[in-house]
Amino acid sequence: MPKAIAARRPPAQARETGASPLERYLGSTIRELRRKHALTIADISVRTGISRGMLSRIETGQTASSLETLSRLAQGLGVSLSALFRNYDVPDGGVQLVKKGKGMEVMRRGTRSGHTYHLLAYDQGPTRLFEPFLITIESASETFPIFEHAGIEFIYMLEGHIHYRSGKNVYDLAPGDALTFKGEVPHGPEKLVKCPIRFLSIMMYPMLAAE
């Protein structure tokens with residue numbers, strides 16, 4: 001009779017282990033640190049007193065490790081215990097990318113005077129902390145809007161030449177110049193010296209006190 005052919009089992013690393021995300025993360029981190037320092041499992045076994053079989057199971061996420069074991073591993077790898085957990089479950093920080101030319105065009109006072117406003121960040125939640133605008137003025141105008149708002153405004157010139165008023169003072173702004181002022185003080189363009197004009201306007205609003 002022909003011999004039965006035994007089914008080949010996948011290697012341990014390929015089998016479903018039921019390991020938790022933390023166990024898999026720690027195993028992967030320990031393996032990467034070991035390889036980074038050109039150490040073998042045998043080297044780590046000698047340094048830590050942990051068997052090679054156990055080390056292999058830890059690296060493949062097949063077993064949970066006690067804090068004592070992790071502490072010995074960290075010492076054997078030359079890192080702190082906290083370094084093993086450093087990048088675990090790190091939030092993405094609410095990053096928002098707005099590609100060139102993709103800012104949301106919005107209507108604000110001054111739009112009819114030739115101002116174009118592109119909002120570079122939005123969906124900030126129920127409380128606005130800041131609003132960054134890219135403002136473009138393509139042609140000279142005889143009428144200029146006057147603005148007043150809460151918080152602080154920061155302007156950074158990118159292109160063109162403008163005389164900008166804040167309160168009683170007028171400031172000469174060319175590319176590379178920056179101006180910061182209180183938003184509640186009346187402000188706005190005084191004279192468009194050279195168009196086109198482009199500048200960043202970042203409005204930082206005060207945080208509301210908790211009720």
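The values are calculated or read from the model by the stated rules, or taken from the named source; none is laboratory data. Quantities reported herein were computed from a predicted structural model and do not represent experimental measurements. Glycine gets a Cβ as well: all are built from the backbone with ideal geometry, and neighbour counts include every protein chain shown. Accessible surface is based on the protein model in full, side chains and every heavy atom, while ligands, DNA and RNA are left aside. Shrake-Rupley method; radii C 1.70, N 1.55, O 1.52, S 1.80 Å.
Things worth noting here:
- The strands (runs of 3 or more DSSP E) located wholly in region 54-142 that include 2 or more residues which are at pLDDT 85 or above occupy 115-119, 130-137.
- For the criterion of being out of contact with any Gly (no Cβ under 9 Å at 6 or more places or on another chain), among the charged types (D, E, K, R) and touching a residue at least 60 places away in the same chain (Cβ under 8 Å), Arg198 fails.
- Residues in region 180-195 that are open to solvent by less than 30 Å² (accessible area, probe 1.4 Å) and within 22 Å of Ser139 (Cα to Cα): His187, Gly188, Pro189, Leu192.
- Total residues in region 156-174, condition open to solvent by 20 Å² or more (accessible area, probe 1.4 Å) and out of contact with any His (no Cβ under 8 Å at 6 or more places or on another chain): 7
- Evaluated against (1) in a strand (DSSP E or B); (2) out of contact with any Lys or Arg (no Cβ under 8 Å at 6 or more places or on another chain); (3) open to solvent by 80 Å² or more (accessible area, probe 1.4 Å), Met207 falls short on exactly one condition, (1).
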